[in-house]
Amino acid sequence: MGGAGRPAPGGSALSAGGSGRFCRPYRIYLQPGILAAMTLHVLVTNDDGIYAPSLWALAQELTKEFQVYVVAPDREQSAIGAAISLNHPIRVNRLPTIMSGDLEAYSVEGTPGDCVIMAVNSLFKEIDCVVSGLNEGSNLGNDVLISGTVGAALHGYFLGRPAFALSINSLRPENVEPGARLARLLVRLVAQGRLPEKILLNVNLPDLPLGAIRGIEVTYLARRNYTDIIEEHVDRKGRSLYWITRGKPVWEEEEGSDIWAIRQSKVSITPLEADVASREHIDLLRRLAPDLFSGLLNLG
């Protein structure tokens, strides 16, 4: 999964590159000032688990305008990417109303991707849009390749739904509101038919109150790498156990990148696509392909 091309720094907020069909309006204006609602059905999911407060803050904000369903993993599934469960059954449990209130909500013994697939293909008759988050921590640069938050949105995109992954840098409870409100505005654009039918957005917000956020930038993915640290331990039977932990990230901070936007106390919106093929070396490899095939046939 890679970012769409690098937009010029300071590009207008919520612009999406490329062409494509746009969503039909989900609300019909019968006459000026009178709105007849066609309910937009929104799936809310995450990778932090069904009990994450930020999940419910997001869902409650969206219920102010839309029909919302919640389907999330029964436990934390961070850094699981777009994985799905193919080798074991999935258990799905409906949450009691004492927990979910008026929302129809389910916990899934599986990945964020499983949640989206189950919701769209089995649990509900209609899902028009997928919103994943609010993730408790940023998903910037190369993080999108392993993020369960982005992975859930990616499955929504695969299934032909507009999909948004929203994350807040080092989330504090008091700073959830801006992310939830922005999600509502993005879904409203879907309802108004102002976004393409297939769009995948990775949205990151600074961990700031609404009044301290300085704007919105449309960005490209920065290069952000970590130093992986291997910690070795020994269990009671003398066998080695290993923990992989992530050290301090090293990143580019080039103007126009998602990390740069967060450093500027701005919201980053990065349009993504599922085509991970690199075109950089195609011509070179085409020239080498005959030699490779000849070698394959004749390798001693």
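The values are calculated or read from the model by the stated rules, or taken from the named source; none is laboratory data. Only a predicted model underlies this, so the values are computations on that prediction, with no experimental measurement involved. Cβ atoms come from the backbone with ideal geometry, glycine included; neighbour counts cover every protein chain shown.
Just a few scattered comments:
- Those strands (runs of 3 or more DSSP E) lying entirely in region 196-243 with at least 1 residues exposed (fewer than 10 other Cβ atoms within 10 Å of the Cβ) and not charged (D, E, K, R): 228-234
- Residues being surrounded by 10 or more Cβ atoms within 10 Å (Cβ to Cβ), of a type outside the set (A, V, I, L, M, F, W, C) and out of contact with any strand residue (DSSP E or B) (no Cβ under 8 Å at 6 or more places or on another chain) - total across region 269-294: 1
- Candidates 156, 113, 160, 133 - the one that is on the phi > 0 side of the Ramachandran plot, modelled with pLDDT of 95 or more and crowded, with 24+ Cβ neighbours inside 10 Å: 133
- Just one residue in the set 143, 114 is closer than 10 Å to residue 71 by Cβ and part of a helix (DSSP H, G or I); that residue is 114.
- Conditions (1) on the phi < 0 side of the Ramachandran plot; (2) out of contact with any helix residue (DSSP H, G or I) (no Cβ under 7 Å at 6 or more places or on another chain); number of the one not met by residue 256: (1)
- Sub-6 Å Cβ pairs linking a first residue in region 30-58 that is closer than 25 Å to residue 126 by Cβ to a second residue that is modelled with pLDDT under 85 and crowded, with 17+ Cβ neighbours inside 10 Å, at least 6 apart or interchain, are 38/26; 40/26, ordered by first then second residue.
- Subset of region 163-185 that is among the charged types (D, E, K, R) and touching a residue at least 60 places away in the same chain (Cβ under 8 Å) - its residue that is surrounded by the most Cβ atoms within 10 Å (Cβ to Cβ): 184
- Failed criterion for residue 65 (all others in (1) modelled with pLDDT of 95 or more; (2) part of a loop (DSSP other than H, G, I, E, B); (3) farther than 26 Å from residue 177 by Cα hold): (3)
- When 273, 217 are screened for being of a type outside the set (A, V, I, L, M, F, W, C), under 18 Å from residue 139 (Cβ atoms) and in contact with a helix residue (DSSP H, G or I) (Cβ under 7 Å, 6 or more places away or on another chain), only 217 passes.
- Flag for residue 121 being part of a helix (DSSP H, G or I) and polar (S, T, N, Q): yes
- For the residues 218, 176, the requirement of being farther than 21 Å from residue 260 by Cβ and not charged (D, E, K, R) singles out 176.
Residue-by-condition table, conditions (1) at pLDDT 90 or above; (2) in contact with a His (Cβ under 9 Å, 6 or more places away or on another chain); (3) closer than 25 Å to residue 162 by Cα:
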| position | (1), (2), (3) |
| --- | --- |
| 203 | yes, no, yes |
| 242 | yes, yes, no |
| 249 | no, no, no |
| 267 | yes, no, yes |
